[in-house]
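Below: one structure, written as structure tokens.
Please treat every number below as a calculation from the coordinates, not as lab data. Predicted, not measured: the structure shown is a model, and the values here were computed from it. Cβ sites come from the backbone with ideal geometry, for glycine too, and all protein chains shown count toward neighbours.
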């Protein structure tokens, strides 16, 4: 007479619970990272957290070597991400400078250039080549570009007088009028 | 120069090491490394410069801090856990699972004292009936 005796030994329940919790936690972490990556840029309507931008020598703002976004409360901020290795950035460089020259006397609009993943000598050469005069600085540690989740350069972010993003331009501007029309949306 | 460039990744072209990346941004970075080497900077100093300027994600090997530790700990832990469970499973598959209750000669480890008692009583009953 023979019989099959069931095997009772196995992984203890608490070990199984820990393993499952670990797997679920890991999958959740991967999910969060993937969804953040696919979110795209910061969307209009978002309040932009404060950040500090160090400025290139010769491109300071009112003598200051670094500025914060909060310094410009009450003013409209045009934030342009660019790089010297970026060919499309060259297409809009003259338009941005012309728009800056138009708004500079009024003092209601601030233009800030953020040099993305660039070397300083090349960045400076670019600024000189296109005669840029508004404040510019490097994106140290790519912290600002990560905050805006930029997908590439050029990208320009328009932040209103209350620190809220209201327009995102991906790619180069085609004319000065295009820039002016976006700024005009928020100027009285 | 290439030895250092091999350990860096430009954020513009995420999956291509700096030493073989053909983009203009990476060419500029390689040029910068060459300049820094000619100025006498060490490999560690150059890598630190790149981390300070472009973030830790430029490193081929993430620094051993915070959540980055998962990259170093998880794979060996998963491999060891997998090997352990495989070993356990193989051992259980190869164990004899069938016990001969009649003779009492072969018993599996899983036999409980209650079972032994039951078998003993059964054998006694059978002997009485013979």
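Between helix B:113-129 and chain B, what is the angle of the helix's C-alpha long axis to the longest principal axis, kept within 0 to 90° and rounded to the nearest 10?
30 degrees
Any idea what angle helix B:43-54 forms with the longest principal axis of chain B, computed on alpha-carbon atoms, 0 to 90 degrees, nearest 10?
Relative to chain B, helix B:43-54 is tipped by roughly 90 degrees.
List the extent of the Cα atoms of segment A:1-104 along each of their three principal axes, largest first, rounded to whole Å.
Extents along the principal axes, in whole Å: 101, 31, 29.
Of the residues A:168, A:24, A:42, which exhibits the maximal mean-square fluctuation in a Gaussian network model of chain A defined by a 10 Å Cα contact cut-off?
A:24
Once you wrap a convex hull around the alpha carbon atoms of the protein assembly as shown, what is its projected area averaged over all directions, in nm²? Could you put the intermediate results ahead of the total?
Numbers: hull surface 105.1 nm².
So the Cα hull casts an average projection of 26.3 nm².
In whole Å, what are the extents of segment A:52-184 along the principal axes defined by its C-alpha atoms, from largest to smallest?
33, 30, 29
What is the ratio of the Cα radius of gyration of segment A:33-81 to 2.2 N^0.38 Å, where N is its residue count, to two decimals?
Normalised Rg, Cα atoms only: 1.46.
Place the peptides A:107-118, B:80-91 in order of packing, highest mean first, counting for every residue the other Cβ atoms within 10 Å and averaging per peptide.
Peptide ranking by packing, descending: A:107-118, B:80-91.
Report, to the nearest 10°, how far helix A:87-103 tilts away from the longest principal axis of the Cα atoms in chain A, using its own Cα long axis and a range of 0 to 90°.
50 degrees
Taking each residue of A:116-122 in turn, how many C-beta atoms of other protein chains fall within 10 Å of its C-beta, and what is the average?
6
Can you compute the FRET efficiency between residue A:71 and residue B:95 using 1/(1 + (r/R0)^6), with r the Cβ-Cβ distance and R0 = 51 Å? Round to the nearest 0.05.
0.10
Along each of the three principal axes of the Cα atoms of chain B, give the extent in whole Å, ordering the values from largest to smallest.
That gives 102, 26, 23 Å along the principal axes, largest extent first.
With a 10 Å cut-off between alpha carbons and a GNM built on chain A, which of A:12, A:54, A:154 moves the most?
Of A:12, A:54, A:154, the Gaussian network model singles out A:12 as fluctuating most.
Once both labels are modelled 7 Å past Cα along the beta-carbon direction, what's the residue B:48-residue A:36 spacing in nm?
2.7 nm
Per residue of A:133-141, what is the mean number of Cβ atoms on other protein chains within 10 angstrom of that residue's Cβ?
The per-residue average across the peptide is 2.
At 0.36 nm per residue, minus the direct Cα-Cα distance, what do residue A:101 and residue A:167 gain on full extension? Give it in nm, one decimal, please.
21.7 nm
Using a Förster distance of 45 Å, how high is the FRET efficiency between residue A:120 and residue A:175, based on the Cβ-Cβ distance and rounded to 0.05?
Working: r = 30 Å, r/R0 = 0.67.
Plugging the Cβ-Cβ distance into 1/(1 + (r/R0)^6) gives 0.90.
For segment B:7-67, place one equal point scatterer on every Cα, skip the solvent, and apply the Debye formula. What is log10 of I(q)/I(0) at q = 0.19, 0.24 Å⁻¹?
For the requested q values the scattering log ratios are -0.68, -1.04.
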